[in-house]
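Report on the following structure.
Every number in this text was worked out from the coordinates using simple rules, so none of it is lab data. Please read these numbers as outputs of a predicted model, since none were measured by experiment. All Cβ positions, even for glycine, are placed from backbone atoms using ideal geometry, and neighbour counts span all protein chains on display.
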Amino acid sequence: MADDITSESSQTIAAGQLRAFIERIERLEEEKKSIADDIKDVYAELKGTGFDTKAVRHIIRLRKQDQAERQEQEAILDLYLNALGMA
């Protein structure tokens, strides 16, 4: 009998924890969507002022990399372009 109560109590607690995790994830997903919409608006404003959004996206990707990683990728790109006679 005591084991049944303990088991039932554990299931109630686990269900409560699970519900709390799910609700947190749902709130964060909403925040993520809102932020994504804000970023989309900034890109639209950027484009509206005459900037090239593809170039800006590329710059943002580059800025996320550290310098050594960026130099390595540039060296590989140069190597491939030379191999194809494009450099």
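Using Cβ point charges alone (K and R +1, D and E -1), the dipole size of the chain about the Cα centre works out to roughly 500 debye. Helical content of the chain, expressed as a calculated mean residue ellipticity at 222 nm, amounts to -31000 deg cm²/dmol (DSSP H runs of 4 or more residues, -39,500 (n - 2.57) each, divided by residue number, nearest 500).
Shape index of the chain: Rg/Rh, with Rg the Cα radius of gyration and Rh the Kirkwood radius from the inverse mean 1/r over Cα pairs, equals 1.38. A dipole drawn for segment 4-54 from +1 and -1 charges on Cβ atoms has a positive end, and of Thr53, Ser9, Ile22 the residue lying farthest that way is Thr53. Viscosity 0.890 mPa s, temperature 25 °C: what is the translational diffusion coefficient of segment 1-51 from Stokes-Einstein with a Kirkwood Rh over Cα pairs, rounded to a whole number of µm²/s? This corresponds to a translational diffusion coefficient of 172 µm²/s. Choose one answer from Lys33, Lys47, Lys64: the residue with the largest mean-square fluctuation in a GNM of the chain with alpha-carbon springs under 10 Å. Looking only at Lys33, Lys47, Lys64, the biggest GNM fluctuation is shown by Lys64. GNM on the chain, alpha-carbon springs under 10 angstrom: the most fluctuating residue among Ile22, Ile59, Ile76 is Ile76.
Among Asp37, Asp52, Asp66, the largest mean-square fluctuation in a Gaussian network model of the chain (Cα springs under 10 Å) belongs to Asp66.
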